[in-house]
Amino acid sequence: METIIKRVDINNIDNNIIKQAGNILKEGGLVAFPTETVYGIGANSLDVNAINKIYEAKGRPSDNPLIVHVSSKQDVQKYAKKINYTAEKLMDEFWPGPLTLIFEKRDIIPDNITGGLNTVAIRMPSHTIARSIIKEADLPIAAPSANISGRPSPTMAEHVINDLNGKVDMIIDGGYCEIGLESTVLDVTDTIPTILRPGGITKEMLEQVVGKVFVDPAIKKSNKNLIPKSPGMKYRHYAPNANLFVFSGASNKVIVHINELIKTEQEKGNKVGVIATKQTKEMYYCDDVIVIGDENKPDEIASNLFRVLREFDNKKVESIYCEAFSNKDIGSATMNRLLKAAGNKIINID
Ligand code: TXA
Ligand code: MG
């Protein structure tokens, strides 16, 4: 299939392009577009065939459910059976924005969106381009991240083109995604909500609005026997082509250790890379150091993570070494994605 690629300026949106995207969605096609978190591949949530095309384009396991994107809060009652007080409060506070809520689903939502679950994930994005497309289509839009399943999520149109050119009808290039990590997924079917996937809206932010919030213990992965409630969390994910190794411990010791590994690998003729912060970049003896951001700016590190992982694919390194980042604020979501990309291993240097 020939993919139509169109650039849209977020500050001066060309309505003809939005109309074209809306029509493709109405006709059951696939349109990739930017959101404030990552790029998504959109399709009509109510069209079983369109949804199947998403799974096919991504190579995604069919038991991993999709998020339904809406352009207004009122739409939620069309797809969710019950909206409790906790959910109301969270929607008032955080929508539009990077928070996905899990509700009991109504029958109108096809089973192939929810992987057979009786719940549905719903989010109202804040990105102007995403919202105008959803509004124009006048449909609930299912949109998983616009990457081939298992690859790092796309934060630039170039990433989407690399993964999906020829597999979707249209790609809207709307520039960088500001947050750079996917939305927080929160189960609000019980009175006390549970975080199923950490993201831009942190546990602390949620607790300020609704009090106690649980975290699905399977996210921490200390116990391999726990099955995550968010099916997507059980797969290896966000992975670059190279092997990624993450090290925790005192920064100076970690740097010495990484430098030793670099030396050993280079002596063997292997090409390696390092993910460094602005503060540590000069300390590594390696040609391929990519700076992810300032260690005191967790938002910057979060927004660059997936792009940096993809850049190492272009450099064709065999191993990537990275210091663990702070778990503060969005840092817990960054560490969750980084560890998944590393196959959930963290090496502690004492
Ligand atoms: O930021 C985002 O959420 C992006 C943008 C494009 O909106 N979308 C995204 O979609 O990350 P995806 O499909 O890559 O991730 C959806 C996650 C998966 O981990 C999936 O298992 C979980 O949401 N999920 C979806 N429906 C669910 C449900 N009913 N119960 C539990 N988890 C669910
Ligand atoms: Mg994804």
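Here the peptides 239-246, 294-301, 132-139 are ranked by packing, the mean other Cβ count within 10 Å, and the order with the highest first is 132-139, 239-246, 294-301. Taking all C-alpha pairs of the range 1-112, those more than 25 Å from each other amount to 29 percent.
The value of relative contact order for the range 4-219, using C-alpha pairs under 8 Å at least six residues apart, is 30 percent. Working value for the range 4-219: equivalent-ellipsoid semi-axes of 26, 18, 17 Å, each the square root of 5 times a Cα gyration tensor eigenvalue, largest first.
Note: relative contact order over the range 154-221, using C-alpha pairs below 8 Å and six or more positions apart, is 23 percent. Beta bridges per DSSP, both residues in the chain: antiparallel share near 35 percent. Carbon and sulfur atoms: what percent of the 1.4 Å accessible area of the chain do they account for? Of all accessible area on the chain, carbon and sulfur atoms account for 46 percent. Scaled to the globular estimate 2.2 N^0.38 Å, the Cα spread of the range 97-201, given as radius of gyration, is 1.14.
Roughly how many Å is it from the Cα centre of the range 61-79 to that of the range 305-336, as a whole number? If you average the Cα positions of each part, the centres end up 29 Å apart. To the nearest ten degrees, helix 128-137 and the longest principal axis of the Cα atoms of the chain are 30 degrees apart. Could you work out how far helix 15-26 tilts from the main Cα principal axis of the chain, as a 0 to 90 degree angle to the nearest 10? Between helix and principal axis, roughly 80 degrees. For Thr202, the accessible surface of its heavy atoms amounts to roughly 10 Å² (probe 1.4 Å, protein chains only, rounded to the nearest 10). Computed over the alpha-carbon pairs of the range 9-54, the distance histogram in 10 Å steps reads 26, 50, 22, 2 percent, short to long.
Think of each Lys and Arg Cβ as +1 and each Asp and Glu Cβ as -1; about the Cα centre, that makes the dipole of the chain roughly 720 debye.
In whole Å, how far is the Cα centre of the range 152-225 from that of the range 266-299? So the two Cα centres are separated by 26 Å. When the surface is traced with a 1.4 Å probe over the full set of protein chains, Glu260 keeps roughly 110 Å² accessible. With only Cα atoms counted, the range 56-120 has Rg and Dmax values of 12.6, 37 Å. Semi-axes of the equivalent ellipsoid of the range 243-349 are 20, 15, 13 Å, computed as sqrt(5λ) over the eigenvalues of the C-alpha gyration tensor in descending order. Taking every protein chain into account, the accessible area of the range 56-150 amounts to 39 square angstrom per residue (probe 1.4 Å).
Report, in degrees rounded to the nearest 10, the 0 to 90 angle that the Cα long axis of helix 48-58 makes with the longest principal axis of the chain. It is inclined by approximately 10 degrees. Phi angles across the range 83-90 convert, under the Karplus curve 6.51 cos²θ - 1.76 cosθ + 1.60 with θ = phi - 60°, into 3J(HN,Hα) values of 10, 7, 4, 4, 5, 4, 5, 5 Hz, Gly and Pro given as x. Measuring between alpha carbons in the structure, the pairs from Lys135/Lys229; Lys19/Lys53; Lys316/Lys340; Lys6/Lys26 lying more than 24 angstrom apart are Lys135/Lys229. Adding -39500 (n - 2.57) for every DSSP H run of four residues or longer, then dividing by how many residues the chain holds, sets the calculated 222 nm ellipticity at -9500 deg cm²/dmol.
The values are calculated or read from the model by the stated rules, or taken from the named source; none is laboratory data. Computed from a predicted model, the values in this text were never measured in an experiment. As a convention, Cβ positions derive from the backbone with ideal geometry for all residues, glycine included, and neighbour counts pool all protein chains shown. Accessible surface is based on the protein model in full, side chains and every heavy atom, while ligands, DNA and RNA are left aside. Shrake-Rupley method; radii C 1.70, N 1.55, O 1.52, S 1.80 Å.
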